[in-house]
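The values are calculated or read from the model by the stated rules, or taken from the named source; none is laboratory data. Keep in mind that this is a model prediction, so the values were computed, not measured. So basically every Cβ, Gly included, is an ideal-geometry build from the backbone, and we count neighbours across all protein chains shown. Quick note on the areas: whole protein, heavy atoms, side chains included, nothing else; ligands and nucleic acids left out. Shrake-Rupley method; radii C 1.70, N 1.55, O 1.52, S 1.80 Å.
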Amino acid sequence: MPVTLIGLTLPALTFALSLDRILNGLTRPFFGWVSDQIGREYTMALAFFIGAAALFTLNQSGSNPVIFVLVTALYFGVYGEIFSLFPATQGDTFGAKFAASNAGMLYTAKGAGALLVPIAAGIAKNHGWGAVFSVAMTFNVIAGLMALFVLKPMRVRHFAKSRDAYPSQAATDSVPRAT
């Protein structure tokens, strides 16, 4: 009789964990390329919305080993985008001078998010994992909407203010110089 955990056979769980790590790494440059094509904020929104859909699918059908393997791989694949897009977005926005400090703050925020794990465990104990998935789906949807309706307008205003404060050197380079 195969060993099972939450209704999954151990080989399916082991395969899912391996595939998750591989896709998490492969999708980082992929999402960087996508963001170069459609923009950082749209790529973030896309990843967060796909993440919400993956969590919904896991909540509904995650006990099926094939769906579990494929959908967790999808979720961890889109989760990898934060490691390519967040530092790139802060670098684009605030420049290179404090890029290491800003990236460190972003990573610290990710670590602080780990403090939510005991809260999630308490929710799961009292209300089941469906409630945890619902909260996580909601956070993904909120993050996707914030990428579009908070981050994008904020960056547009920031860049407009920067252009006004520091006029482009290109405009002065196009003027013929007297020799």
query: Looking only at trypsin sites (Lys or Arg not before Pro) in DSSP loops with at most 15 other Cβ atoms within 10 Å, what is the longest site-free stretch of the chain?
result: 1-96
- prompt: How much accessible surface does L23 have with a 1.4 Å probe, in Å² rounded to 10?
  reply: 50
- request: Could you pull out every one of the aspartates and glutamates with an alpha carbon less than 18 Å from that of K152, ignoring same-chain neighbours closer than 8 positions?
  value: D36, E41, E81, D92
query: In deg cm²/dmol, rounded to 500, what helix-only [θ] at 222 nm does the chain give when every DSSP H run of at least 4 residues adds -39500 (n - 2.57) and the total is split over its residues?
result: -26500 deg cm²/dmol
message: Can you tally the net charge around F31? Count Lys and Arg as +1, Asp and Glu as -1, for every other residue whose Cβ sits under 11 Å from the Cβ of F31.
response: 0
- line: Of the candidate values [x] 34; [y] 18; [z] 44, the one computed for percent of Cα pairs over 29 Å apart from this structure is [x]
query: Using a Gaussian network model of the chain with C-alpha springs under 10 Å, which one of T138, T108, T27 is most mobile by mean-square fluctuation?
result: T108
task: Quick one: order Y79, Y166, Y107, Y42 from most to least accessible surface, probe 1.4 Å.
output: Y166, Y107, Y42, Y79
message: Could you compute how much accessible surface V156 exposes when probed at 1.4 Å, giving the result in Å² to the nearest 10?
response: 80
- request: Would you mind working out the magnitude of the charge dipole of region 13-123 relative to its Cα centre, with +1 at each Lys and Arg C-beta and -1 at each Asp and Glu C-beta, to the nearest 20 Debye?
  value: 180
- prompt: So what's the angle, to the nearest 10 degrees on a 0 to 90 scale, between helix 10-38 and the longest Cα principal axis of the chain?
  reply: 20
- prompt: Accessible area of F133, 1.4 Å probe, to the nearest 10 Å²?
  reply: 50
message: Net charge around H158, counting only other residues with Cβ within less than 12 Å of its Cβ (Lys, Arg = +1; Asp, Glu = -1)?
response: +3
query: What is the Cα centroid distance between region 122-167 and region 62-92, reported in whole angstrom?
result: 16
message: Taking a ≥ b ≥ c as the square roots of the Cα gyration tensor eigenvalues, with a/c under 1.5 meaning rounded and otherwise prolate when a/b beats b/c, else oblate, which class fits region 52-129?
response: oblate
task: Quick one: net charge around L106, please, counting Lys, Arg +1 and Asp, Glu -1 for every other residue with C-beta under 14 Å from its C-beta.
output: 0
message: For the chain, take the longest principal axis of its alpha carbons; what is the angle in degrees between that and the long axis of helix 152-165, to the nearest 10 within 0 to 90?
response: 20
